[in-house]
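This report refers to the structure that appears directly beneath it.
The values are calculated or read from the model by the stated rules, or taken from the named source; none is laboratory data. From a predicted model like this one, the values you see are computed outputs, not experimental measurements. Glycine also receives a Cβ, built like all others from the backbone with ideal geometry; neighbour counts cover every protein chain displayed.
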Amino acid sequence: MTGRTENSGSCRLYLITPPEIHDLAVFAKDLAVALDSGDVACLQIRLKGLAEDQLCRAIDVLRPEAQKRGVAVLLNDRPDLAFETGCDGVHIGQQDSPYAKARALVGGSAIVGVTCHDSRHLAMEAGEAGADYVAFGAFFPTMTKQASSHAEPEILTWWSQLMEIPCVAIGGITLDNAAALIEAGADFLAVSAGVWNHPAGPAAAVRDFNRLIATY
């Protein structure tokens, strides 16, 4: 998972699981088809409602589908489980493990991304600490989680002009509103419902996001 400075100047798709998966086997098939439909940089497994054993089971099913396709797998919030279950890294929020603790748990070669909301200060702190990417948002209303902040596209432009560390745009991103974020300088578009709830299905959504990205 690399940023714009290392991947030919193109934004890439960063896929997040739905908040709930009712049939793991069925979803794993849908995921495989989606990942085969276009470029996806990484998959974030974000299943907050599961007990630890259920979460580990979900990781064991979903992680291989992504990794065998060269897609990095990040676990939300749990650097301890990310390491234990063979994920490529972890995504942490401001209320989760501190960056230093997360890094110690996953190791120096793993990916650690940090939510920075709409804060330039938090982003600078995360970048200076060694984060592999910073995530800004929410840019748009989202049903996936309760957004605690609203970010404007200008923060992506500020960051991309100042830093080489990649930035991720997150929050309510769909095919209808993603263009402004690509134009502003997002290295990655973090999308959940915009893919899984696409009326033509997730595979069509991945194809359409890649077509959109390719126009910039």
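Could you list, in sequence order, the residues of region 89-111 that are within 16 Å of GLU128 (Cα to Cα) and in contact with a Leu (Cβ under 9 Å, 6 or more places away or on another chain)?
Of everything in region 89-111, those that are within 16 Å of GLU128 (Cα to Cα) and in contact with a Leu (Cβ under 9 Å, 6 or more places away or on another chain) turn out to be GLN94, ILE111.
Kindly check whether there is at least one residue in region 208-215 that is more than 16 Å from GLY93 (Cβ to Cβ), among the hydroxyl-bearing types (Ser, Thr, Tyr), loosely packed, with under 15 Cβ neighbours inside 10 Å and without any contact (Cβ under 8 Å) to a residue 40 or more places away in the chain. Show your work before the answer.
Quick first cut of region 208-215, residues more than 16 Å from GLY93 (Cβ to Cβ) only: 208-215.
Remaining after also requiring among the hydroxyl-bearing types (Ser, Thr, Tyr): 215.
Narrowing the set further to residues that are loosely packed, with under 15 Cβ neighbours inside 10 Å leaves 215.
Imposing the further condition that a residue be without any contact (Cβ under 8 Å) to a residue 40 or more places away in the chain reduces the set to 215.
Taking every residue of region 208-215 in turn, at least one turns out to be more than 16 Å from GLY93 (Cβ to Cβ), among the hydroxyl-bearing types (Ser, Thr, Tyr), loosely packed, with under 15 Cβ neighbours inside 10 Å and without any contact (Cβ under 8 Å) to a residue 40 or more places away in the chain.
Mind listing just one residue for me: the one in region 43-60 that is within 16 Å of the chain's Cα centre (by Cα) and either not aliphatic (A, V, I, L, M) or not in a helix (DSSP H, G or I) (or both) and, of those, surrounded by the fewest Cβ atoms within 10 Å (Cβ to Cβ)?
Checking each candidate, the answer is LYS48.
Inspect all residues belonging to region 104-115 and state whether any of them is part of a strand (DSSP E or B) and not hydrophobic (A, V, I, L, M, F, W, C).
Yes.
Of the conditions (1) farther than 20 Å from ALA41 by Cβ; (2) among the charged types (D, E, K, R); (3) in contact with a strand residue (DSSP E or B) (Cβ under 6 Å, 6 or more places away or on another chain), ASP187 clears all except one; give me its number.
Condition (1) is where ASP187 drops out.
What are the pairs with Cβ atoms under 8 angstrom where one residue, in region 180-199, is farther than 16 Å from PHE140 by Cα and at pLDDT 95 or above and the other, located anywhere, is among the hydroxyl-bearing types (Ser, Thr, Tyr) and surrounded by 21 or more Cβ atoms within 10 Å (Cβ to Cβ)? Sequence gap at least six, or different chains.
So the pair list comes out as ASP187/TYR133.
Within region 41-94, can you find the residues that are in contact (Cβ under 8 Å) with a residue 60 or more places away in the chain and farther than 21 Å from GLY137 by Cβ?
Once the filter is applied, which keeps residues that are in contact (Cβ under 8 Å) with a residue 60 or more places away in the chain and farther than 21 Å from GLY137 by Cβ, region 41-94 yields only ASP88.
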